[in-house]
Amino acid sequence: MNKQEISPEGVISDQEVIGRILKGEKELYAIVVRRYNQRLYRIGMSILNDDPEVEDAMQVAYINAYENLGKFAFKSSFPTWLTRILINECLLRLKKRGKAILLNDDNMENMMYQRSGEPQTPIAKVLNTELNTILEEAVRKLPEKYRAVFVMREIENMNVAETQALLDISEVNVKVRLNRAKAMLREELAGYYKKEDILHFHLVRCDKMIDAVMRKIYALD
């Protein structure tokens with residue numbers, strides 16, 4: 001952890017970090033980037049499902065957030081605000097691709113998922129690297145709207161209200177999409193997955209993202 005993240009009370013809060021950034025300590029923005037890299041990567045992948053493009057979208061989101069910090073004023077949760085910026089960037093990219101995706105489309109497909117009354121056997125034990133690949137691939141195969149809800153609720157531990165607000169869907173749809181995502185994964189993985197193994201933004205990549213974002217921020221002068 002960066003030494004600048006430690007204070008007598010523990011980790012510096014978002015409010016303190018942002019307040020100091022707005023007073024001129026722009027180097028502290030590296031704390032923000034490191035703190036939210038994992039969350040933004042997972043949510044970006046849940047929408048775009050394209051690794052290089054997600055990293056690019058993350059950089060754009062961080063720069064947009066930095067340039068608008070003065071307008072934020074903590075009227076809402078900072079991670080929610082930052083995540084919304086990323087989601088908007090991801091949806092813009094999907095639109096440019098010419099790909100139709102409506103995260104707030106309430107017209108659900110009439111799909112049936114057969115479930116056995118008997119417990120499913122966990123997938124066979126494999127090497128961690130192989131397991132991680134299987135888990136990540138299974139999540140990436142989910143349709144976008146189910147994948148986004150699953151990542152937010154099960155991997156990032158967002159509550160229903162935050163997920164509902166970010167995706168602009170009803171509470172009922174959050175629950176329905178999560179259940180359908182779990183059903184699809186259960187079928188794909190025979191009922192076994194570990195959320196900490198899925199879409200992990202490793203330390204080296206985290207450092208590279210920080211360097212890339214901070215270079216752009218210093219170049220804004």
Could you give each residue of the range 79-96 its phi-based ³J(HN,Hα) in whole Hz, using Karplus coefficients 6.51, -1.76, 1.60 with θ = phi - 60°, and x for Gly or Pro?
x, 5, 4, 5, 5, 4, 4, 5, 4, 4, 5, 5, 5, 4, 5, 5, 5, 5
For the pair ASP211 and PHE72, how long in nm is the line joining their label points, each one 7 Å along Cα→Cβ?
2.5 nm
Looking at the range 6-74, which GluC sites (Glu not before Pro) are DSSP coil and have at most 11 other C-beta atoms within 10 Å of their C-beta?
GLU9
Hey, any idea what % of the range 145-186's accessible area is carbon plus sulfur with a 1.4 Å probe?
43 percent
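Averaged over all directions, how much area does the convex hull of the C-alpha atoms of the range 30-83 cover when projected, in nm²? All intermediate terms of the calculation are to be shown ahead of the outcome.
Details: hull surface 14.6 nm².
So the mean shadow area of the Cα hull is 3.7 nm².
The values are calculated or read from the model by the stated rules, or taken from the named source; none is laboratory data. Since this is a predicted model, take the numbers as computed values, not measurements. Heads up, the Cβs are rebuilt from the backbone with ideal geometry, glycines too, and the neighbour counts pull from every protein chain shown. These accessible areas exclude ligands, DNA and RNA; they are computed on the full protein's heavy atoms, side chains included. Shrake-Rupley method; radii C 1.70, N 1.55, O 1.52, S 1.80 Å.
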